[in-house]
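Here's the structure we're looking at; comments come further down.
The values are calculated or read from the model by the stated rules, or taken from the named source; none is laboratory data. Keep in mind the model is a prediction, meaning the values are calculated, not measured. Note: ideal-geometry Cβ built from the backbone for every residue, glycine included; neighbour counts use all protein chains shown. Note: accessible area is taken over every heavy atom of the protein model, side chains too, but ligands, DNA and RNA are not part of it. Shrake-Rupley method; radii C 1.70, N 1.55, O 1.52, S 1.80 Å.
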Amino acid sequence: MAVNIVDHKDFLATINGLLLDSRSVLDIGCGIGSTLRGFCCPIRIGIDVHRPYLERAKEDGQYVLLNLPAERLSEVLLAKSVDSVTLIDVIEHFEKKVGYEVLRQAEKIANRKVIIFTPRGYFKQKEFDHYGLGGEKYQRHRSGWEIEDFEQLGYNITLFKGFHDAENAAFREAYGEDAQPIDAILAWKVCTPEEQSL
């Protein structure tokens, strides 16, 4: 598969382009709802393990919010029950084995697409909650992901060149002001049976 390389930071516009055929989206690890708020789907569902994040997201009043660990998705959601599932800056917070399991469940739940956005490689992020809501232990990065990790699972790839840089507080904290930027990976997989067979 060819990797599409882009030189801009508007990942949300790219994701919304992928969501145009979806009426519903489930955002795994939605946090305070910053990304969920920007999705174009009329039905937006967010899950997060840290309840105070959801309490903050609830202030928007636009979403269905569920407080549960991502590893338990299939206990709550039926197969093919939402159009698309997103993991935006989330998969790197899991140990690699757990991340693969969350992807397996997401693919089972999605009726159209699974969409992932993550740093390329290991981005050393510490246990610091920038929202000040007590979620420090959930903020540490526990794995790094490469293009090949997603390609072997049948995902399409867009590489956001130099996406993470000194404009990002977590990046400055981990690497310093003058460090080389880190790329980001946008990976997506079509989950509809008819399109998978093409």
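If a residue counts only when it is among the β-branched types (Val, Ile, Thr) and open to solvent by 20 Å² or more (accessible area, probe 1.4 Å), which strands (runs of 3 or more DSSP E) contained entirely in region 1-108 have at least 3 such residues?
Qualifying strands (runs of 3 or more DSSP E): 3-6.
Could you please tell me which pairs satisfy a Cβ distance under 8 Å, a separation of 6+ or placement on different chains, a first residue in region 58-79 that is on the phi < 0 side of the Ramachandran plot and of a type in the set (Ser, Thr, Tyr), and a second residue that is outside any loop (DSSP other than H, G, I, E, B) and open to solvent by less than 70 Å² (accessible area, probe 1.4 Å)?
Tyr63/Leu36; Tyr63/Arg44; Tyr63/Ile45; Tyr63/Gly46; Tyr63/Ala57; Ser74/Gln105; Ser74/Ile109
In region 13-31, which residues are of a type outside the set (Gly, Ala, Ser) and either modelled with pLDDT of 95 or more or more than 15 Å from Thr86 (Cα to Cα) (or both)? Even if it seems obvious, please write down each step before you answer.
Looking only at region 13-31, we keep the residues that are of a type outside the set (Gly, Ala, Ser), and these are 14-16, 18-21, 23, 25-28, 30.
Residues satisfying the conditions are Thr14, Ile15, Asn16, Leu18, Leu19, Leu20, Asp21, Arg23, Val25, Leu26, Asp27, Ile28.
With respect to the numbered conditions (1) of a type in the set (Phe, Trp, Tyr); (2) within 19 Å of Thr14 (Cβ to Cβ); (3) more than 14 Å from the chain's Cα centre (by Cα), which one is the sole condition not fulfilled by Tyr63?
For Tyr63, the failing item is (2).
Only one of these is modelled with pLDDT under 85, open to solvent by 20 Å² or more (accessible area, probe 1.4 Å) and more than 19 Å from the chain's Cα centre (by Cα): Glu136, Glu195, Glu127. Name it. Before you say what the answer is, go through the steps one by one.
Numbers: Glu136 fails: more than 19 Å from the chain's Cα centre (by Cα); Glu127 fails: more than 19 Å from the chain's Cα centre (by Cα).
It is Glu195.
Is it the case that Tyr122 is modelled with pLDDT of 75 or more, farther than 20 Å from Thr14 by Cβ, open to solvent by 60 Å² or more (accessible area, probe 1.4 Å) and under 17 Å from the mean Cα position of the chain (by Cα)? First the steps, then the outcome.
Numbers: modelled with pLDDT of 75 or more: yes; farther than 20 Å from Thr14 by Cβ: yes; open to solvent by 60 Å² or more (accessible area, probe 1.4 Å): yes; under 17 Å from the mean Cα position of the chain (by Cα): yes.
For Tyr122, the condition - modelled with pLDDT of 75 or more, farther than 20 Å from Thr14 by Cβ, open to solvent by 60 Å² or more (accessible area, probe 1.4 Å) and under 17 Å from the mean Cα position of the chain (by Cα) - is met.
crowded, with 20+ Cβ neighbours inside 10 Å, touching a strand residue (DSSP E or B) at 6+ places or on another chain (Cβ under 9 Å), at pLDDT below 90 and not hydroxyl-bearing (Ser, Thr, Tyr) - does that describe any residue in region 142-156?
Scanning region 142-156 turns up no residue that is crowded, with 20+ Cβ neighbours inside 10 Å, touching a strand residue (DSSP E or B) at 6+ places or on another chain (Cβ under 9 Å), at pLDDT below 90 and not hydroxyl-bearing (Ser, Thr, Tyr).
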